[in-house]
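Each remark here refers to the structure printed beneath this line.
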Amino acid sequence: MANTISAKKATRKIARRTAVNTARRSRIRTYMRKVEEAIASGDAKAAVDALKAAQPEIMRAASKGVMHKNTASRKISRLASRVKALAS
């Protein structure tokens, strides 16, 4: 258990930040799942729309430090290539 005042404050800050990051991660997974479901259903228009909605959310998570920038770029790239293959 934290003893000093600063350590107790740091614990509170970490708890708040963890909650925010968990919510962001969950939101990213939701957006990615919507793209996956649109691809699975074979609906190209829905997949494109879902990808356009997911892309800024994923990059926002990368800029906030929830995930690494390269990880975010890789996920977007792979989703985009699958959507493109579905559209053609």
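The values are calculated or read from the model by the stated rules, or taken from the named source; none is laboratory data. The model shown is predicted, which means the values in this text are computed figures rather than measured ones. Methodologically, a virtual Cβ is constructed for each residue, glycine included, from the backbone with ideal geometry; neighbour enumeration extends over all protein chains shown.
Does ARG60 satisfy the condition of being in a helix (DSSP H, G or I), touching an Asp or Glu at 6+ places or on another chain (Cβ under 8 Å) and at pLDDT 95 or above?
no
Tell me which residues, restricted to the stretch 39-56, are out of contact with any Phe, Trp or Tyr (no Cβ under 9 Å at 6 or more places or on another chain), in a helix (DSSP H, G or I) and free of Cβ contacts under 8 Å to residues at least 24 places away in the same chain.
ALA40, SER41, LYS45, ALA46, ASP49, LYS52, PRO56
Only one of ARG82, ARG24 is surrounded by 13 or more Cβ atoms within 10 Å (Cβ to Cβ), within 30 Å of ALA2 (Cβ to Cβ) and at pLDDT 95 or above. Can you tell me which?
None of the others qualify; the one that does is ARG24.
Which one is farthest from VAL20 (Cα to Cα), of the residues in the stretch 63-75 that are outside any loop (DSSP other than H, G, I, E, B) and without any contact (Cβ under 8 Å) to a residue 24 or more places away in the chain?
Going through the qualifying residues, I end up with ARG74.
Scan LYS34, LYS9, LYS64, LYS52 and give me the residue that is more than 20 Å from SER77 (Cα to Cα), out of contact with any Gly (no Cβ under 8 Å at 6 or more places or on another chain) and surrounded by 10 or more Cβ atoms within 10 Å (Cβ to Cβ).
LYS9
Kindly establish whether THR18 is assigned to a helix (DSSP H, G or I) and either surrounded by 11 or more Cβ atoms within 10 Å (Cβ to Cβ) or among the hydrophobic types (A, V, I, L, M, F, W, C) (or both).
Considered against the rule, which asks whether it is assigned to a helix (DSSP H, G or I) and either surrounded by 11 or more Cβ atoms within 10 Å (Cβ to Cβ) or among the hydrophobic types (A, V, I, L, M, F, W, C) (or both), THR18 comes out as no.
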